[in-house]
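Working notes for the structure below.
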């Protein structure tokens, strides 16, 4: 029996080995094919950018080709795309403030932008401009009576399956701000608690991805959130009649300090609440100096952690 089994086992091992080699060869060929296709797509994409193509053409190209990109190349395109859309937004800004465009927009969209109402615009230039901007994956946000284009990060989330975790998480961060901006018409448009949560999320992102390609953008967003959260907007934090901090803001500080006591922001807020309590929650020069110091310390700690890759 043993004399029969040994040759059979040997043959099986040889056959299995051949199959394994064939699969390995197939995988290498498949990877090489993906890399070649990715290289070709990247060349075409870079040409579109060099030609300063309209965002709608760039987005259409990505939609049609993202399935054939490697994760590395998909990441590269996304990083470049964010910068391109941001820069091109300035081009659209100029056009939106040309002639009587804003007047027309306010007339057609008195209560906020509605894409389905574009067809009511009789001015062909404005109608085509709005279609182009929307197809380029921008949203319209109204600030103090004027309409501005902002990148529609909610749309860009569709690329999440093709990119690394750092890019996916960035989609989520910016998607929240894109879906509901923090400040509108000079006032806080979200709750204090929501602002506090956003602040924590950005801090977490910066600590998790210290070498992120979006470190600069996230740091800027972090500083903006932190400043507004601590100092508030006009008439949104302090009862000016008696200079006492408003209950909603104070309660949010307390809640965030307890919930996130192990974070930089949570620790800073805990100290700030104690300072406010000792001063009967009255905002005066002493409080201003104290929170200036706490703010700078929070930034310093975050900078050190990012430098150390913690």
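The values are calculated or read from the model by the stated rules, or taken from the named source; none is laboratory data. Note that the coordinates shown come from a computational prediction; the quantities given were computed from them, not determined experimentally. Using ideal geometry, Cβ is built from the backbone for each residue, glycine included, and neighbour counts are taken over all protein chains shown.
Observations on the model:
- Members of the stretch 175-204 found to be crowded, with 19+ Cβ neighbours inside 10 Å and not in a helix (DSSP H, G or I), listed by number: 188
- Which listed residue, of 220, 300, 213, is under 23 Å from residue 168 (Cα atoms) and exposed (fewer than 14 other Cβ atoms within 10 Å of the Cβ): 220
- A count restricted to the stretch 258-310 and to residues that are modelled with pLDDT under 90, in contact with a strand residue (DSSP E or B) (Cβ under 7 Å, 6 or more places away or on another chain) and not in a loop (DSSP other than H, G, I, E, B) stands at 1.
- Test: residue in the stretch 139-161 that is in contact with a strand residue (DSSP E or B) (Cβ under 8 Å, 6 or more places away or on another chain), buried (at least 16 other Cβ atoms within 10 Å of the Cβ) and under 29 Å from residue 264 (Cα atoms): no
- Selection status of residue 88, under 30 Å from residue 37 (Cβ atoms), assigned by TED's automatic domain parsing to the domain that holds residue 139, touching a residue at least 12 places away in the same chain (Cβ under 8 Å) and part of a helix (DSSP H, G or I): yes
- Among the residues listed as 100, 107, 95, 172, the single one being outside the structural domain of residue 231 (by TED's automatic domain parsing), more than 22 Å from residue 48 (Cα to Cα) and surrounded by 13 or more Cβ atoms within 10 Å (Cβ to Cβ): 172
- Any chance residue 282 is in the same structural domain as residue 219 (by TED's automatic domain parsing), over 28 Å from the mean Cα position of the chain (by Cα), without any contact (Cβ under 8 Å) to a residue 40 or more places away in the chain and farther than 22 Å from residue 216 by Cβ: no
- Extreme residue, farthest from residue 301 (Cα to Cα), among residues of the stretch 220-241 that are out of contact with any helix residue (DSSP H, G or I) (no Cβ under 7 Å at 6 or more places or on another chain) and part of a helix (DSSP H, G or I): 231
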